[in-house]
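Right, one structure below, let's go through it.
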Amino acid sequence: MKKTVLSVSPPKRHISVVTFSDGTVLELDSDYLLTASIFEGEQMEHSEIENHRAASDFVRARSRALWYLSRSDHSEKALLDKLKRAGFKKETAEKAVCRLKESGLLNDEA
């Protein structure tokens, strides 16, 4: 069953709120929302909504991880633990840490 986007709130502290016709509320990273192009009146399946949620959570986790690394060096495990303590799901935190490793921004050997 498709849900209709009723409103998209302006960003507040990097988070925008998308409200659907059935009362569902989706909090998305504002930068992600710009690339996702979600507009009022758009209809989405539940699976699409969950895909947006997961993608936005990844963007937020990666951003938080970069912020942690900008303040001090962290091992892969320490960074993963910090992200989980910050409330990110294990899978999302692992994906963010993996992406930072792939890009060379996180290196336990260094």
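The values are calculated or read from the model by the stated rules, or taken from the named source; none is laboratory data. Remember, it's a predicted structure, so these values are computed and weren't measured experimentally. Neighbour counts are summed over all protein chains in view; Cβ atoms, including those assigned to glycine, are modelled from backbone coordinates with ideal geometry. For accessibility, only protein heavy atoms count, side chains too; no ligands or nucleic acids. Shrake-Rupley method; radii C 1.70, N 1.55, O 1.52, S 1.80 Å.
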* Structure fact -> Note on the stretch 24-56: residues in contact (Cβ under 8 Å) with a residue 12 or more places away in the chain and either in a strand (DSSP E or B) or of a type in the set (A, V, I, L, M) (or both) are Leu26, Glu27, Leu28, Asp29, Leu33, Ala36, Ile38, Gln43, Met44, Ile49, Ala54, Ala55
* Right, Phe20: closer than 28 Å to Val97 by Cβ, at pLDDT 95 or above, aromatic (Phe, Trp, Tyr) and surrounded by 13 or more Cβ atoms within 10 Å (Cβ to Cβ) or not? -> no
* Out of all the residues in the stretch 62-79, which are under 23 Å from Ser30 (Cα atoms) and open to solvent by less than 60 Å² (accessible area, probe 1.4 Å)? -> Ala65, Tyr68, Leu69
* **Filter result for Leu106 (modelled with pLDDT under 95, part of a helix (DSSP H, G or I), surrounded by 12 or more Cβ atoms within 10 Å (Cβ to Cβ) and among the hydrophobic types (A, V, I, L, M, F, W, C))** => no
* To do: Return the only residue of Phe58, Phe39 being open to solvent by 50 Å² or more (accessible area, probe 1.4 Å), aromatic (Phe, Trp, Tyr) and under 27 Å from Ser21 (Cβ atoms).
  => Phe39
* To do: Within the stretch 23-36, count every residue that is within 20 Å of Phe88 (Cβ to Cβ), open to solvent by less than 50 Å² (accessible area, probe 1.4 Å) and not hydrophobic (A, V, I, L, M, F, W, C).
  => 3
* Asked: Taking the stretch 35-50 only, how many residues are farther than 14 Å from Lys2 by Cβ and within 19 Å of the chain's Cα centre (by Cα)?
  -> 4
